[in-house]
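The values are calculated or read from the model by the stated rules, or taken from the named source; none is laboratory data. For clarity, every value in this text was computed on a predicted model and none was experimentally measured. Neighbour counts are summed over all protein chains in view; Cβ atoms, including those assigned to glycine, are modelled from backbone coordinates with ideal geometry.
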């Protein structure tokens, strides 16, 4: 069950909503009750975590270094 971030287009209130199922699609602003809301980019959706060089992980997350990093990262 994902939590989405929204911003109201009427009053600019930013809020989160837990979406329990696909049928749970009506999102109302908790401040003004408007249906004019838009999804905001989430911190988790913005970037992809980089593997730690200290852990010896390759560019694609494998435990051992890649012999051909270009091929490995294009998987």
Report task. Report yes if residue 58 is on the phi < 0 side of the Ramachandran plot and either assigned to a loop (DSSP other than H, G, I, E, B) or modelled with pLDDT under 80 (or both), otherwise no. Result -> yes
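Residue-wise test of (1) in contact with a strand residue (DSSP E or B) (Cβ under 8 Å, 6 or more places away or on another chain); (2) surrounded by 12 or more Cβ atoms within 10 Å (Cβ to Cβ); (3) modelled with pLDDT of 90 or more.
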{"residue": "6", "(1), (2), (3)": "yes, yes, yes"}
{"residue": "10", "(1), (2), (3)": "no, yes, yes"}
{"residue": "19", "(1), (2), (3)": "yes, yes, no"}
{"residue": "23", "(1), (2), (3)": "no, no, no"}
{"residue": "28", "(1), (2), (3)": "yes, yes, yes"}
{"residue": "34", "(1), (2), (3)": "yes, yes, yes"}
{"residue": "41", "(1), (2), (3)": "yes, no, no"}
{"residue": "48", "(1), (2), (3)": "no, no, no"}
{"residue": "69", "(1), (2), (3)": "no, yes, no"}
